[in-house]
Amino acid sequence: MASDSLQYFLFLVLISQAINPWIQQGFCTENSRDRCNEIERKSMLQFKESLSDPSGRLSSWTGESCCTWKGVTCDIKTGHVVKLNLRNPFPQTFDPTPESFDGNGMVYELSGKVSPSLVNLQHLSYFDLSMNNFQGTQIPGFLGSLTRLKYLNLSGASFAGKIPSSIGNLSGLHYLDLNSYTDEPVKNDIQWLSGLSSLRYLDLGGLDLSRASSHWLPTINMLASLSELHLSQCQLLNLPNSLPFINITSLSALDLSRNNFNSTMPNWLFNLSSLTDLDLSSNYGIRGQLSRNLGNLCKLRALNLNSNNIFGTLTEVIDGLSECTNSSMETLDLTFNQLSGNIPNSLGFLKNLRSLRLRNNSFTGSIPDTIGNLSSLEQLYLSFNQMSGAIPESLGKLVSLVYLDLHENSWEGVITEAHLINMSRLTEISIGKLSENISVVFNISPDWIPPFKLKFVQIQSCQLGPKFPTWLKNQDQLKNLIINFARISDSIPEWFLRLGLHLDELDLAYNNLSGMPPNSLQFNLGSNVDLSSNSFKGPLPLWSSNLTTLYLRNNSFSGPIPRDIGMVLPLLTDLDISRNSLTGGIPLSIGNMTSLTTLVISNNRLSGDIPDFWSNIPDLYILDMSNNSLTGRIPTSIGSLSFVKFLILSGNNLSGKLPSSLRNCTSTFSLDLGDNQLSGRLPAWIGKDMPSLLILRLRNNSLTGNIPSSICALSSLHILDLSENRLSGIIPTCLGNLSGFKAGLKTEDTEPYEGRLQVVAKGRVLVYQSTLYLVNSIDLSSNKFRGNIPAELTSLFRLGTLNLSMNGLTGPIPETIGRLERIETLDLSMNKLTGRIPQSMAALTFLNHLNLSSNNLSGRIPTGNQFQTLTDPSIYEGNIALCGDPLPTKCENSGTKPYPGGNVDEDENEEDDLEKLWFFLVVGLGYFLGFWGVCASLILKKSWGDAYFNFLLGLKDRIFYLAFAKWRKA
């Protein structure tokens, strides 16, 4: 028994010794969690005091047990603080609880100052302050003294200024993220990086490293342990093509996107055999052809060369990658480059491909049949290329496909269920081209039930009709439905309403849908609706207050605009209800749409005065109320629209003077007040205060007075129409300074508003829309101008239409009128012009409409060149002193010279030819008789010849003697 007891005692001793370290560790842990290091606790409390913490994230930082504070981790043995994780838990989002808001946005951000008291945390190995807001303060330099740091993350925390070089003292650092995008970045160098010998992850994205542009790569190449490098948007300029040696062979992720490189793909990239992710996107200057050497990177999973200047074909790189034993490529993004040619069949060998993005290139041909081999493909983006042909049925084998984007190509043929039958994961489909021409037909059985649940549908210029596509019957998850130019002649079916959709976008424009749009449609916040160019009728439909854009133009809606439209749809930014049959007045409630930027209510039957609520809509960009029956004066509050670009009130019955408040519309591109009853003088402030005007149209009003010289300061003007007014005086010579008629106008110089403008050209009223920027016209017709046509106008060499008809102009047509090299329409009729038609007009090769009738012109009409096409006698009628074709009056032979290259009448031609013939005969005969009459006698009679030549020799001697004697006397 004693021995058993002894053995039992010894066993207990051994057990106690074995578990004693664990017991001690447990007691230490408990002790450290209760008390922690006092110096470190006080240091962290000082740090807390220096911060602003509106959400109370640091509310647990009280008491003695600092190791239990939120975001603090202590060493389990020593109790020293080793980790501070204060990353904002809700970056760039709003917490849903009401108490999280302070009225200024996101409140989970810590701000203030990073106290230097943290220098006492000498055991700290992990420090994360990311996604907070330190409001442009500098990264504290004392962080360089925390030499045990292995993880430092200050990204997105709004630090600014230079990176302290003391960071380079952290030789044990593995992870460094200083990614920060600031409005005014400070130029940084990166020489301090050389001290971070243990670094594995580096992100300096958004920092200005332009100072290091010449040596950034050699510096980075010293970091042998580096596996991830992110230098996005660092304003680097130089991407060296080669390196003496490659030290960063462990690099697996390289992000050099959004810099300013202007070079070819560097050769050293192809030696990074461990590379899995390569991002060189949005440099815009990386050029050259894709290299087959990319096939060396068989571990590459993601290649992003989006938005560069790469050209050539895709064949080389695809063939190179397909030669890998098992290509790892999952994401290939070559969007926005200049690649061309066909997509090669070898694409089918990239079996692991999940995302293929080839948008906005110049690829041709069709989709290769081998596309069906890519069973893992989830994203296929081929939009905005020049591809054509039929879409292969093998596309239907893409069982993993989620996003399919094929639009803005020239596809042909038929799409059937076979193209879509296996795509059970498909959520987005986009196909077609915004055009009235249809080349793709959807031939899908009305009973077919798709295997997918779509959220986004964009099918344009493809024949889906004539019935509303019934294969959408089970698509109860739709958010965006865009099916325009689809030849649907139907009404919106009841089954579509029963789907109970909450849409973000509904676009059924340019079909032939009829009936009344149902008011039961439901939309999410910020939704867009476009039912334009159909045959809908009835009152204007008003849906939920969530809509931001509503386009109902070119239908058959009738009745008044609902009086409460502004209260029902207060969030609208764009409203276009033009080209309907709406009646009544403009509702005052529109003034409640304080976010409105586009209001187009033209081409209806609206009447009454224009309301005076415009100061409530300060951001209005387009205002078009033309072609209605509006009356009264233009309200002065329209002048408060300081951002309005298109102010179009033409085709109404507005009266009174132009309000001087319009001079506040300093950004206006187009001012169209034509076809009204406006009176008063043409104000000089138009030229002084509207410097951006491209179009000034005031035709068919009752404006009086002279054209103010300030109009000549409108350097961008390319349409000036002041016709059919009562303007008088002379035409200012300074109109020749309108440089917009010399330099021309590019499409990018104006916003793409598809407004309509009536321009009198080619003898008729023409309506221009999308090509309005190409029109260059001056129309001063039907006024009371007098004096000469200024020769300065002929310097406007891009002018396409010049109409000065029905005035009292006198004097000749300027001789330099041939300088108007682009003129197509020239109308000088019904004036009092005199003199000849300038011969230089025959050089106007674009001229196709000319009217010089009812003047006092005289002389011969030029012939040849462009005048051979102007054969209508009415062009010249009413000028009794004109003669020649095409008039019946023949010109007399008065010695008038025709224009060089021109022809004269046949009778005169024949007479001239006969006179020339007799002239040459007489001269020739005289020459023959005179020459041979003398020479023959000298030859036949030798004595006469000797005497004649002796006479000539004697005459020579006498002349020489007389000249010599005269020289001696001198």
query = Given the Cα-Cα distance of residue 147 and residue 65 and 0.36 nm per residue of separation, how much length would full extension add, in nm?
reply = 27.0 nm
request  = Could you work out how far apart the two model spin labels at residue 821 and residue 655 are, taking each label as a point 7 Å from the Cα in the direction of the beta carbon, and quote it in nm?
outcome  = 5.0 nm
query = Near the amide H of residue 186, under 5 Å away, which other amide H atoms are found, from residues 5 or more places off or on another chain, if H is placed in the peptide plane?
reply = 161, 208
query = What number comes out for the charge environment of residue 144, summing +1 per Lys or Arg and -1 per Asp or Glu over other residues with Cβ under 15 Å away?
reply = +3
ask   = Using r as the Cβ-Cβ distance of residue 715 and residue 788, and R0 as 30 Å, what FRET efficiency do you calculate, to the nearest 0.05?
value = 0.75
query = Can you list the residues, at least 5 places off or on another chain, whose amide H is less than 5 Å from the amide H of residue 412, using H built in the peptide plane?
reply = 389, 390, 391
ask   = Which residues in the stretch 453-476 place their backbone N less than 17 Å from a point set 7 Å from the Cα of residue 425 along the Cα-to-Cβ direction?
value = 453-456
inquiry  = Net charge around residue 810, counting only other residues with Cβ within less than 10 Å of its Cβ (Lys, Arg = +1; Asp, Glu = -1)?
reply    = +2
inquiry  = Classify the stretch 304-367 from the C-alpha gyration tensor, please: rounded if a/c falls under 1.5, else prolate or oblate depending on whether a/b exceeds b/c.
reply    = prolate
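For residue 418 and residue 441 in the same chain, what is the full-extension length gain: residue separation times 0.36 nm, less their Cα-Cα distance, in nm?
Between residue 418 and residue 441, full extension yields 6.9 nm more.
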key: Point-to-point label distance, residue 410-residue 219, nm (Cα→Cβ direction, 7 Å offset)   = 5.1 nm
note = The FRET efficiency for residue 524 and residue 594, from their Cβ-Cβ distance with R0 = 30 Å and rounded to 0.05, is 0.90
query = Using the beta-carbon distance between residue 364 and residue 309 and R0 = 22 Å, what value does 1/(1 + (r/R0)^6) give for FRET efficiency, to the nearest 0.05?
reply = 0.70
ask   = Between residue 449 and residue 887, how many nm apart are label points set 7 Å from Cα along the C-beta direction?
value = 8.4 nm
query = When the Karplus curve 6.51 cos²θ - 1.76 cosθ + 1.60 is applied with θ = phi - 60°, which whole-Hz ³J(HN,Hα) does each residue of the stretch 623-632 get, with x for Gly and Pro?
reply = 10, 10, 10, 6, 6, 10, 10, 6, 10, x
task = Between beta-carbons, use under 10 Å as the cut-off and find the net charge around residue 697, counting Lys and Arg +1, Asp and Glu -1.
result = -3
query = For the stretch 264-403, what class follows from the C-alpha gyration tensor (a ≥ b ≥ c being the square roots of its eigenvalues): rounded when a/c is under 1.5, otherwise prolate if a/b is larger than b/c, else oblate?
reply = oblate
For the stretch 510-527 and the stretch 399-465, distance of Cα centres in Å = 22 Å
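Each value in this text was obtained by applying a stated rule to the coordinates, not by laboratory testing. All values reported here derive from a predicted model rather than from experimental measurement. Here Cβ is always computed from backbone atoms with ideal geometry, including for glycine, and neighbour counts include all displayed protein chains.
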